[in-house]
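To start, the structure itself, in structure tokens.
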Amino acid sequence: VQLQASGGGLVQAGGSLRLSCAASGITFYRYIVNWYRQADGKQREFVASISSSTRTKYSDSVKGRFTISRDNAKSTAYLQMNSLKPEDTAVYYCNTYQGSQLDYWGKGTLVTVSS
């Protein structure tokens, strides 16, 4: 199983980025896809999720600014991030979940938002 997160980078406050999470080795459409992030010195926190039925959830801190989506044909999930703030700076991780035995994490992608 591999999860490859990409799309991070340096952006000015107010800008946008789109992260991608490409999965292989799993039956992607069956999995919940989550995005988490971890800023320096802080605990990893939940950002957004999308279920197999495309039901979405967001943390309060990103609601209205971030949009999670998925393309099952490409086994890829996305996180569109708009109106970025310096406090969004973190390493972003994607996670696919279908129960405790089917819980996979990718390496993160760094997002840096300058003020």
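The values are calculated or read from the model by the stated rules, or taken from the named source; none is laboratory data. On a predicted model such as this, the values are computed, not experimentally measured, just so you know. When we count neighbours, we look across all protein chains shown, and the Cβ atoms used for this are built from the backbone with ideal geometry, even at glycine. The protein model used for the area step is the full one, side chains on, heavy atoms only, and it has no ligands, DNA or RNA in it. Shrake-Rupley method; radii C 1.70, N 1.55, O 1.52, S 1.80 Å.
If I ask for residues that are farther than 21 Å from residue 52 by Cα and among the polar types (S, T, N, Q), which ones from the stretch 1-37 would you list? Hits for the stretch 1-37 are 6, 12, 16. Could you list, in sequence order, all residues of the stretch 7-50 that are of a type in the set (Ser, Thr, Tyr) and either in contact with a Cys (Cβ under 6 Å, 6 or more places away or on another chain) or surrounded by 14 or more Cβ atoms within 10 Å (Cβ to Cβ) (or both)? If the condition is that a residue be of a type in the set (Ser, Thr, Tyr) and either in contact with a Cys (Cβ under 6 Å, 6 or more places away or on another chain) or surrounded by 14 or more Cβ atoms within 10 Å (Cβ to Cβ) (or both), then 20, 31, 36, 49 are the ones that fit. Tallying residues that are farther than 21 Å from residue 33 by Cα and part of a strand (DSSP E or B) within the stretch 79-101 yields 0. Residue 110 meets the conditions (1) touching a Ser or Thr at 6+ places or on another chain (Cβ under 7 Å); (2) surrounded by fewer than 19 Cβ atoms within 10 Å (Cβ to Cβ); (3) part of a strand (DSSP E or B) in every case but one. The failed one is (1). Restricted to the stretch 52-64, and to residues there that are open to solvent by less than 70 Å² (accessible area, probe 1.4 Å) and under 13 Å from the mean Cα position of the chain (by Cα), the residue that is farthest from residue 83 (Cα to Cα) is 56. Of the residues making up the stretch 76-85, those that are open to solvent by 30 Å² or more (accessible area, probe 1.4 Å) and in contact with a Cys (Cβ under 9 Å, 6 or more places away or on another chain) number 1.
Pairs linking a residue in the stretch 95-115 that is within 17 Å of residue 9 (Cβ to Cβ) to a residue that is open to solvent by 60 Å² or more (accessible area, probe 1.4 Å) and of a type in the set (Lys, Arg), with Cβ atoms under 7 Å and 6 or more positions apart or on different chains, are 113/85. For the stretch 61-75, the criterion of a residue being touching a Phe, Trp or Tyr at 6+ places or on another chain (Cβ under 9 Å), in contact (Cβ under 8 Å) with a residue 40 or more places away in the chain and among the small types (Gly, Ala, Ser) is satisfied by at least one position.
Among strands (runs of 3 or more DSSP E) lying entirely in the stretch 1-78, which contain 2 or more residues that are over 14 Å from residue 90 (Cβ atoms) and among the hydrophobic types (A, V, I, L, M, F, W, C)? Before the answer, list the steps.
On the way: elements: 2-6, 9-12, 17-24, 32-38, 45-50, 56-58, 66-71.
Hits in the stretch 1-78: 17-24, 32-38.
Answer yes or no as to whether residue 67 is open to solvent by 30 Å² or more (accessible area, probe 1.4 Å), within 13 Å of the chain's Cα centre (by Cα) and over 22 Å from residue 104 (Cβ atoms). First the steps, then the outcome.
Values: open to solvent by 30 Å² or more (accessible area, probe 1.4 Å): yes; within 13 Å of the chain's Cα centre (by Cα): yes; over 22 Å from residue 104 (Cβ atoms): yes.
So residue 67 fits the description; yes.
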